[in-house]
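Below is one structure, written out as structure tokens; comments come after it.
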Amino acid sequence: MPKLKTHRGAAKRFKKTATGKFMRASAFKRHILTSKTTKSKRKMRGLEEAAPGDVDRLRRMLPYE
């Protein structure tokens, strides 16, 4: 079998956990933070699990993660 190339854009945005889940950063926290509440900004910290519909595509893009 030939080697598969990792999708570099996906590799920078998603991380695979030891149990096989894909984690991603929260959206809407890059700019215009003054208009967002402290509570919403606090909830955007850390990582979230990727949507179930995207997992198959992520497995193909990140074969060796």
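What follows is calculated from the coordinates using simple rules that are stated; it is not laboratory data. For clarity, every value in this text was computed on a predicted model and none was experimentally measured. Note that each Cβ is placed from the backbone with ideal geometry, even for glycine, and that neighbours are counted across all protein chains shown.
One table, with the values for the structure above:
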{"read-out": "Under the Karplus curve 6.51 cos²θ - 1.76 cosθ + 1.60, θ = phi - 60°, whole-Hz ³J(HN,Hα) for the stretch 2-13, x wherever Gly or Pro sits", "value": "x, 6, 9, 8, 6, 6, 5, x, 5, 5, 7, 9"}
{"read-out": "Projected area averaged over orientations for the chain, convex hull of C-alpha atoms, nm²", "value": "5.6 nm²"}
{"read-out": "At R0 = 22 Å, FRET efficiency that the Cβ-Cβ distance of Arg30 and Arg57 yields, to 0.05", "value": "0.40"}
{"read-out": "Charge dipole magnitude, Cβ of K and R +1, D and E -1 - the chain, Cα centre, debye nearest 20", "value": "320 debye"}
